[in-house]
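Asks: Let me give you the structure first, and then I'll get to my questions.
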Amino acid sequence: VSLPKDPGMDNHQMLEGVKKGKLKSLYLFGEDMAFVDSNVNFVDTMLEDLEFFVVQDLFFSKTAQFADVILPAAPSLEKDGTFVNTERRIQRFYQVLEPLGDSKPDWLIFQELANHLGANWTYQHPSEIMDEAASLAGYFAGVSYERLEGFNSQIWPVAKDGTDTPILFEEGFAFEDGKARLIPLEWTPPFEAGAEYDLHLNNGRLLEHFHEGNMTYKSEGLTHKVPHPWLEVSLELARERGIEDGSLVRLTSPYGHVKVRAIVTERVTGNELYLTMNTREDEEAVNRLTSSYHDT
């Protein structure tokens, strides 16, 4: 099989493709686009406009509510496999429980679907898939389940002899002179919403929940500690607008609105606001307020 050299569409481009009528169907796995993507009002509309939508995930997510077909996947404790983290570290994990109900490991779902479409895949274990990846991707050339056995790990790039690369570019970059290439970007003026929108909202994560909390809200302990998001409001803004800890406030942007509880804090100042992205409720989702603008 020859792999394509040109990249495919990212999630933003796919939704634009739906809008333009170029993309009719979508197969999504392991992502809750209806919560985590910016401007989810637009995302929801595009998901509704799909002619056929398949979602493969561990739980019945917000995104799964738009699906025509839902394929139940098994989590890490119910299958063998590997994780690759942002450090580039490849780690094995081991099955300790049987998959619940009709759920299956992702690789097995893909294989069964491919075979229904005429393929003849015969993988028996994810280690065989890793061996194939190692034969195709130079960065993974020396990766194998045998070398990862016993909770060992490898950091890619991994040479064929198993030597990994904890630190990149120690001997220089991949240019003749060994120096990095820094490419300046053309500055784009920020979007101006107008005087009507006089507050500046920042958003991000917090320790207890990962992203929107699609999986961490399944933990009773984490949910008990942080049951919902909160809006951080400065002391001066709270005094000006009569906001107290626990006040229910409504935030409105050119793209939508949310209702969320406030907490008065010195962590923000003036007209600056901070809203965490974790939520179980649609009306609290910060991406109801965000635009479709994104960096490349």
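Derivation of every value follows stated rules applied to the coordinates shown; laboratory data play no part. Computed from a predicted model, the values in this text were never measured in an experiment. Cβ atoms come from the backbone with ideal geometry, glycine included; neighbour counts cover every protein chain shown.
Asks: Take the alpha carbon atoms of segment 200-289, find their radius of gyration, then divide it by 2.2 N^0.38 Å using N residues; give the quotient. Spell out each step's value before the answer.
Replies: Values: Rg = 12.9 Å, N = 90, 2.2 N^0.38 = 12.2 Å.
In units of the globular-protein estimate, segment 200-289 measures up at 1.06.
Asks: Can you list the residues, at least 5 places off or on another chain, whose amide H is less than 5 Å from the amide H of Thr82, using H built in the peptide plane?
Replies: Amide H neighbours of Thr82, under 5 Å, 5+ apart: Phe93.
Asks: Just flag the chymotrypsin sites (Phe, Trp or Tyr not before Pro) in segment 24-129 sitting in loop per DSSP whose Cβ has no more than 11 other Cβ atoms within 10 Å. Write out the running numbers ahead of the final one.
Replies: Working: sites: Tyr27, Phe29, Phe35, Phe42, Phe52, Phe53, Phe59, Phe60, Phe66, Phe83, Phe93, Tyr94, Trp107, Phe110, Trp121, Tyr123; in loops: Phe59, Phe60, Tyr94, Trp121, Tyr123.
Loop-located and lightly packed - Tyr94.
Asks: Another question, then. For the chain, take the longest principal axis of its alpha carbons; what is the angle in degrees between that and the long axis of helix 40-49, to the nearest 10 within 0 to 90?
Replies: For helix 40-49, the angle is close to 60 degrees.
Asks: How large is the translational diffusion coefficient of the chain in µm² per second when you combine the Kirkwood radius over alpha carbon pairs with Stokes-Einstein at 20 °C and 1.002 mPa s?
Replies: On the way: Rh = 22.8 Å.
Roughly 94 µm²/s, to the nearest whole number.
Asks: Eight or more residues apart or on different chains, and alpha-carbon atoms under 22 Å: count the Lys pairs in the chain matching that.
Replies: 10
Asks: Where in segment 1-89 are there trypsin sites (Lys or Arg not before Pro) that are in a DSSP coil and have at most 12 other Cβ atoms within 10 angstrom of their Cβ?
Replies: Lys5, Lys20, Lys22, Lys24
Asks: What residue among Leu231, Leu248, Leu289 has its Cα farthest toward the positive end of the dipole of segment 200-289, where the charges are +1 on Lys, Arg and -1 on Asp, Glu, each on the Cβ?
Replies: It is Leu289, whose Cα lies furthest towards the positive end.
Asks: Follow-up. Near Val258, within a Cβ-to-Cβ distance under 10 Å, what is the net charge of the other residues, with Lys and Arg +1 and Asp and Glu -1?
Replies: Summing Lys/Arg as +1 and Asp/Glu as -1 gives -1.
Asks: Relative contact order, percent, of the chain when contacts are C-alpha pairs under 8 Å separated by at least 6 residues? Walk me through the numbers before you get to the answer.
Replies: Working: 452 pairs, mean separation 41.1, N = 296.
Taking the mean separation of contacting Cα pairs over the length of the chain, I get 14 percent.
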